[in-house]
Amino acid sequence: MRQLFKDKEEVEVEGVNIPVCGLSTLIETKKGVRPKDKEDLLFLLGKKEYLERQHRNDT
């Protein structure tokens, strides 16, 4: 649970800030055995790689 608070982000929806888990925590939660979790995990890992590349290109 402590990791969740370290990795939280806030998303604004219609003027309201909503705390959500960060990408790293979401990836950890998707390391399950359900087929849908595996699909989600592949997508999230790709998203993380894309964001890391974008960050490297911006610096």
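Here, each number is a calculation from the coordinates, and none is a lab measurement. Quick caveat, the model's predicted, so the values are computed rather than measured. Here Cβ is always computed from backbone atoms with ideal geometry, including for glycine, and neighbour counts include all displayed protein chains.
How many of the residues making up segment 14-59 are in a helix (DSSP H, G or I) and not aromatic (Phe, Trp, Tyr)?
Qualifying residue count for the region: 29.
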Being touching a Leu at 6+ places or on another chain (Cβ under 8 Å), surrounded by 13 or more Cβ atoms within 10 Å (Cβ to Cβ) and of a type outside the set (Ser, Thr, Tyr) is the filter here; which residues of segment 10-59 pass it?
21, 23, 26, 27, 30, 44, 47, 48
